[in-house]
Protein chains: 4
Amino acid sequence: MRTKDDEKKEALFQATIKLVNDIGFVASSVSKIAKEAGVSPATLYVYYKNKEDLLVSTYIDIKLDLSQAILADMDDSLPIRDILENVWHSIFSYVSNNLEYYKFMEQFANSPYSALVDRQAVEQYFVPLTNVMQRGIEQKIIKPVDRHILAAFLFHPVSYLANPRLCQEFELTETDIETAFTMAWDAIKL
Amino acid sequence: MRTKDDEKKEALFQATIKLVNDIGFVASSVSKIAKEAGVSPATLYVYYKNKEDLLVSTYIDIKLDLSQAILADMDDSLPIRDILENVWHSIFSYVSNNLEYYKFMEQFANSPYSALVDRQAVEQYFVPLTNVMQRGIEQKIIKPVDRHILAAFLFHPVSYLANPRLCQEFELTETDIETAFTMAWDAIKL
Amino acid sequence: MRTKDDEKKEALFQATIKLVNDIGFVASSVSKIAKEAGVSPATLYVYYKNKEDLLVSTYIDIKLDLSQAILADMDDSLPIRDILENVWHSIFSYVSNNLEYYKFMEQFANSPYSALVDRQAVEQYFVPLTNVMQRGIEQKIIKPVDRHILAAFLFHPVSYLANPRLCQEFELTETDIETAFTMAWDAIKL
Amino acid sequence: MRTKDDEKKEALFQATIKLVNDIGFVASSVSKIAKEAGVSPATLYVYYKNKEDLLVSTYIDIKLDLSQAILADMDDSLPIRDILENVWHSIFSYVSNNLEYYKFMEQFANSPYSALVDRQAVEQYFVPLTNVMQRGIEQKIIKPVDRHILAAFLFHPVSYLANPRLCQEFELTETDIETAFTMAWDAIKL
DNA sequence: GATGAATGAGTGTTCATTCAT
DNA sequence: CATGAATGAACACTCATTCAT
């Protein structure tokens with residue numbers, strides 16, 4: 001028999017991301033994705049159960065990749081501010097080098113498919129980061145507020161600024177990123 | 001008094017928002033919107049050029065409404081911090097009282113249709129607010145950074161926190177909102 | 001606006017029957033039926049809710065037509081044997097003159113769609129006939145057995161004999177039909 | 001002993017019948033049948049030319065089995081009425097004990113595949129039975145009518161009454177079966 | 001102005017079958 | 001012999017839009 005072709009799965013993965021970025025979530029039909037990947041629509045169903053599975057799997061794969069990129073650079077022995085600054089740069093670096101991935105996540109998170117993701121499982125990937133913030137609160141370094149509020153100031157502005165769709169006419173410099181982190185830190189520090 | 005025509009247009013406006021909120025952007029077809037508004041699909045094309053026009057117009061109308069709500073409460077004679085705090089609360093108040101509108105804007109902003117909006121025209125609505133921030137910078141009260149970065153800390157967290165879809169398991173209290181504004185102000189103040 | 005075209009509905013009705021007879025139930029796809037009727041597949045959905053509705057409605061329409069044909073000729077004042085002989089001939093006449101209709105009913109009754117029919121409503125059409133048999137039992141003219149068993153001998157052989165698919169190489173004559181009724185009567189009479 | 005091959009073929013035979021009974025003729029796809037039989041879809045094509053061959057062969061195998069069951073009990077030395085009564089009971093017994101087989105035949109006979117069966121070959125299986133009826137006619141015991149008409153009263157009602165789909169709300173008793181045979185005999189006897 | 005009818009183009013998905021191993 | 005991968009063609013159905021009245 002023919003062996004399963006990892007190239008095909010990778011092609012579908014890339015095609016999904018490319019198409020969602022190029023023409024949007026709604027317009028990204030199964031047949032267009034298959035055509036972009038150079039396979040038959042029917043072949044897609046060899047690798048994924050259905051469209052939902054294709055999109056959700058793609059999202060989770062990226063999310064895992066992102067978490068690994070961030071956590072790989074994390075040095076728990078540093079001061080909390082430094083850890084978070086490193087994370088901030090890691091995120092920026094990841095987003096810059098994988099803009100397509102990032103944009104896909106953005107689109108996905110705002111699509112109805114996002115409701116189908118096992119949120120808890122995904123949050124597991126980022127537990128070490130959550131722990132750092134918890135430690136910061138306990139050590140009276142970070143304001144003692146819910147982690148969603150912290151995230152709103154620490155991670156969400158990054159998304160906003162890195163998103164060319166929302167921030168079209170404005171190109172970020174390295175200094176802007178430094179400044180932005182200072183602002184984020186000012187917001188959350190005690 | 002309203003003419004019959006205006007009533008139909010208003011019905012289409014409300015139907016669009018209701019449907020997008022109830023069944024999502026993707027599922028909101030022209031015929032369903034027309035049915036919800038109690039008119040024929042063909043009639044819709046009397047008032048709007050096409051589906052794109054319907055959605056974009058609806059978005060811009062809401063955006064204008066929001067800007068008016070915010071600016072109506074703005075008292076330029078107050079200290080800058082107080083102005084922005086009032087704005088912050090205005091936004092929260094608007095979102096709370098017009099959740100349907102807000103959710104529609106969210107959906108719209110993350111759809112491919114958002115690329116079709118004349119962004120500059122929309123930004124005009126918020127010029128007085130931009131001016132306040134500009135004044136804050138000149139008076140060395142606010143950090144001298146690009147207005148997009150300021151917005152990333154001043155307005156974007158509000159959206160994020162107000163979004164029940166992203167912040168499902170976490171209910172905001174009045175104190176949370178106060179705290180969040182303090183954090184936002186810490187981020188942008190010099 | 002365009003007015004609804006009864007010709008189109010009739011064309012769909014006829015096309016459904018023709019196709020089911022020609023290529024079978026399974027192969028009769030919506031697009032083929034639409035093409036046979038000379039309309040777009042989408043148009044079919046103007047007249048019927050879905051494929052199921054198309055098939056079930058077609059069946060019920062025919063069943064009603066058949067019942068009217070049979071009952072129109074029924075004269076309750078005749079002796080029971082004569083009534084049933086008339087019915088027997090009515091059925092034969094109907095089947096002969098509307099072979100396509102009859103074959104469709106056969107196909108339908110043996111398809112999974114038949115489960116969707118409101119059987120009681122359809123049986124209503126034939127109540128006068130059921131009553132005759134009931135009367136025959138009370139007057140000790142007909143064997144006192146369940147009406148399903150009576151039907152098995154009175155109506156089912158007609159179906160079998162009239163069905164060219166089951167009875168291909170054998171052509172029925174007028175005498176055969178007389179003979180067959182005698183046999184049916186022998187079976188059910190006391 | 002059975003070779004490995006025969007086991008696979010038998011598995012496919014049983015899987016075909018089971019699936020057609022469980023999910024219907026239309027839904028019984030080749031891949032589902034193969035999966036039910038525990039083999040690859042491709043393997044199915046080692047044993048059968050194609051789907052048509054699979055279904056037709058399965059039907060013919062059952063038909064042969066049925067004929068053997070009926071004829072095994074047939075004692076040509078008995079009076080004709082007794083022979084036919086025995087056959088009648090044999091059929092009922094077979095259907096009761098092999099409901100799955102019977103239901104498959106039903107489904108098959110009303111599918112377009114039934115046109116592909118070599119009807120003459122199948123009729124060969126039942127020649128001894130045909131001969132009995134022929135003898136009955138010659139001995140002036142049975143009405144001298146075409147064998148199709150005889151079959152319409154002798155065998156077709158059995159199918160109808162045994163069919164749980166058509167006779168849903170009505171459960172046959174042993175007495176009903178006796179009665180029904182009496183009726184069948186009344187119909188065909190001179 | 002207002003409408004229901006009409007439709008070509010598209011949707012996600014499954015099918016029977018063949019291919020390469 | 002046996003297989004999972006691969007696919008073109010088809011499926012039922014919905015879409016945004018236009019037509020004729």
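The values are calculated or read from the model by the stated rules, or taken from the named source; none is laboratory data. Only a predicted model underlies this, so the values are computations on that prediction, with no experimental measurement involved. Note that we place each Cβ from the backbone using ideal geometry, even for glycine, and neighbour counts take in every protein chain shown.
Given the conditions (1) within 14 Å of chain A (Cβ to nearest Cβ); (2) away from DNA strand F (no atom under 16 Å from the Cβ), report the number of the one that B:L55 does not fulfil.
The failed condition is (2).
What number goes with the only condition from (1) more than 16 Å from DNA strand E (Cβ to nearest atom); (2) free of Cβ contacts under 8 Å to residues at least 24 places away in the same chain; (3) more than 21 Å from the chain's Cα centre (by Cα) that C:I149 does not pass?
(3)
Which residues, counting only those in region D:28-45, are within 12 Å of DNA strand F (Cβ to nearest atom) and within 21 Å of D:L116 (Cα to Cα)?
Of everything in region D:28-45, those that are within 12 Å of DNA strand F (Cβ to nearest atom) and within 21 Å of D:L116 (Cα to Cα) turn out to be D:S29, D:V30, D:L44, D:Y45.
Consider A:T3 carefully, then state whether it is outside any loop (DSSP other than H, G, I, E, B), near DNA strand F (Cβ under 10 Å from one of its atoms) and β-branched (V, I, T).
No: the conditions fail for A:T3.
Please verify whether C:L71 is touching a residue at least 12 places away in the same chain (Cβ under 8 Å), within 14 Å of chain D (Cβ to nearest Cβ) and either in contact with a Pro (Cβ under 9 Å, 6 or more places away or on another chain) or more than 9 Å from DNA strand F (Cβ to nearest atom) (or both), treating the condition exactly as stated.
No, not satisfied.
Conditions tested, residue by residue: (1) touching a residue at least 12 places away in the same chain (Cβ under 8 Å); (2) within 13 Å of DNA strand E (Cβ to nearest atom); (3) in the same structural domain as A:P128 (by TED's automatic domain parsing).
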{"site": "A:T16", "(1), (2), (3)": "yes, yes, no"}
{"site": "A:G24", "(1), (2), (3)": "yes, yes, no"}
{"site": "A:A27", "(1), (2), (3)": "no, yes, no"}
{"site": "A:Y59", "(1), (2), (3)": "yes, no, no"}
{"site": "A:I83", "(1), (2), (3)": "yes, no, yes"}
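Given the criteria at pLDDT below 95, more than 22 Å from A:P157 (Cβ to Cβ) and away from DNA strand E (no atom under 16 Å from the Cβ), does A:S77 qualify?
So A:S77 passes the test.
Conditions tested, residue by residue: (1) under 13 Å from the mean Cα position of the chain (by Cα); (2) basic (K, R); (3) surrounded by fewer than 15 Cβ atoms within 10 Å (Cβ to Cβ).
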site: A:K32; (1), (2), (3): no, yes, no
site: A:L54; (1), (2), (3): no, no, no
site: A:S77; (1), (2), (3): no, no, yes
site: A:N97; (1), (2), (3): yes, no, yes
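Identify, from the list C:F13, C:F104, the residue that is more than 11 Å from DNA strand F (Cβ to nearest atom) and either within 14 Å of another protein chain (Cβ to nearest Cβ) or small (G, A, S) (or both).
C:F104
Which one of C:D82, C:D75, C:D65 is in a loop (DSSP other than H, G, I, E, B) and within 18 Å of C:F126 (Cα to Cα)?
Just one listed residue meets the conditions, C:D75.
What's the number of the only condition in (1) within 21 Å of the chain's Cα centre (by Cα); (2) more than 29 Å from B:T43 (Cβ to Cβ) that C:K9 fails to meet?
The number of the failed condition is (2).
Could you check region D:148-187 and list, in sequence order, the residues that are at pLDDT 85 or above and farther than 15 Å from C:H156 by Cβ?
Those that are at pLDDT 85 or above and farther than 15 Å from C:H156 by Cβ: D:E178, D:T179, D:F181, D:T182, D:W185, D:D186.
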